[in-house]
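Values in this text are rule-based calculations from the coordinates and carry no lab data. Owing to the predicted nature of the structure, the values given are computational and were not obtained by experimental measurement. Quick reminder, even Gly has a Cβ in these numbers, built from the backbone with ideal geometry, and neighbours come from all protein chains shown.
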Amino acid sequence: MTDDTREGFIEVNSWKIWFRIDGAKKPKTPLLIIHGGPGFPHDYLLPLKALSSERPVIWYDQLGCGYSDKPDFLTGYTLEYYVRELTEIREKLDLLNLHILGQSWGTMLAVEYLITQQPPGVNSLILSAPCLSVSRWHNDQRQYIEELPSSIRNTILKYEELESYDSPEYQEAMNEFYRRHLCRSETWPECLMASMEKLGHSVYEYMWGPSEFTIKGTLRTYERAQDLPMITVPTLFTCGRYDEASPESTRHYQSMLPGSQLVIFEDAAHAHHLEQRTTYIETIRKFLTSVDKNE
């Protein structure tokens, strides 16, 4: 580690939670990044290190995945726990003022944190590929499935009815869906594959389900879109044209938050921060700079 990089563990409820800071000595307001999943560790978001040339950028692995502890008590993996984990990480890293970027499930966690805790010192919020209404998410995925070639669509529906999610046929059909709506790059980036390899499967299945489009976990009733007006900080929404977080749903969320912004990345999906990396990073940099100037 250099003087400008910190890495270590923070104790939350006796569990060790891994964190990393790049650009630790940079002068601008820090950016805290909340990864997706649940259980999909930070690696796929590491390209945002480009922003550490001017401000501290902080990643952490949530309990149950990556470099953090992985207890086997599934009932402990709750939205309330992860809000508390986020609160303690912020306190123990002394982040009095910060920007927050959530991606996918990370948007659910970020929004829950802001609405339930109403924390001071959050200067802005970035919600990338947001899921803020599980019912809308479910409907969007069902529409995408209807648009698949009939052989793939029928395979998904067949094995969902059988609840045979581990079958090779279902897994291949699921991967075809992901190639269209998760990441459209011909070769998936190494950082994305690293997160795939470190995925906390038990957390993901317990809280979400067997796939992105089959939602059976504890988050299946999550609905926060109607509460978005409670958020008062500058907010940027982003999504890909073919995102699991559809442009229509993301635009709906943005409409619920007057004054917020929306950027849709063409020829990109859920991992639009990787598929359109340069444009995405410049979009985030421009947004953060504009907020910093108005502080």
Of the options I34, F73, L48, report the single residue whose Cα projects farthest towards the positive end of the charge dipole of the range 34-88 (beta-carbon charges: Lys, Arg +1; Asp, Glu -1).
-> L48
What's the exposure ranking of C191, C183, C239, going from fewest to most Cβ atoms within 10 Å?
-> C191, C183, C239
When we measure straight from the Cα of K293, which lysines land under 28 angstrom away, once same-chain ones fewer than 8 places off are left out?
-> K25, K26, K28, K49, K92
Among R285, R251, what is the fewest-to-most ranking by other Cβ atoms within 10 Å?
-> R251, R285
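Translational diffusion coefficient, Stokes-Einstein: compute it for the chain using the Kirkwood radius over C-alpha pairs as Rh, at 25 °C and 0.890 mPa s, and state it as an integer in µm² s⁻¹.
Here the translational diffusion coefficient equals 127 µm²/s.
For the residues T214, T187, T235, what sequence is obtained by ranking on other C-beta atoms within 10 Å, fewest first?
Starting with the residue having the fewest Cβ neighbours, the order is T187, T214, T235.
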Count charges around E54 for me, please; just the other residues with Cβ under 9 Å from its Cβ, Lys/Arg as +1, Asp/Glu as -1.
-> +4
Could you give the radius of gyration (one decimal) and Dmax (whole number) of the Cα atoms in the range 146-295, in Å?
-> 17.6, 55
Counting only DSSP beta bridges with both partners in the chain, the antiparallel fraction in percent, to the nearest 5, comes to 40 percent
Relative to the Cα centre, what is the charge dipole magnitude of the range 41-101, using +1 at the beta carbon of each Lys and Arg, -1 at the beta carbon of each Asp and Glu, and rounding to the nearest 20 debye?
-> 180 debye
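In the neighborhood of L86, defined by Cβ-to-Cβ distances under 14 Å, what is the net charge if each Lys or Arg adds +1 and each Asp or Glu adds -1? Could you put the intermediate results ahead of the total?
Details: positive: R84, R90, K92; negative: D61, E80, E85, E88, E91, E112.
Neighbourhood net charge equals -3.
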Under the definition of Cα pairs under 8 Å and six or more residues apart, what whole-number percent is the relative contact order of the chain?
-> 19 percent
Over the range 194-250, equivalent-ellipsoid semi-axes from the Cα gyration tensor in Å | 25, 16, 13
Local charge sum around Y165 (other residues, Cβ-Cβ under 10 Å, Lys/Arg +1, Asp/Glu -1)?
-> -3
List the extent of the Cα atoms of the range 144-217 along each of their three principal axes, largest first, rounded to whole Å.
-> 32, 29, 20
Convex hull over the alpha-carbon atoms of the range 47-200: what's its volume per residue in Å³?
-> 157 Å³
Treating only the Cβ atoms of Lys and Arg (+1) and Asp and Glu (-1) as charged, compute the dipole magnitude of the range 117-200 about its Cα centre; round to the nearest 20 debye.
-> 360 debye
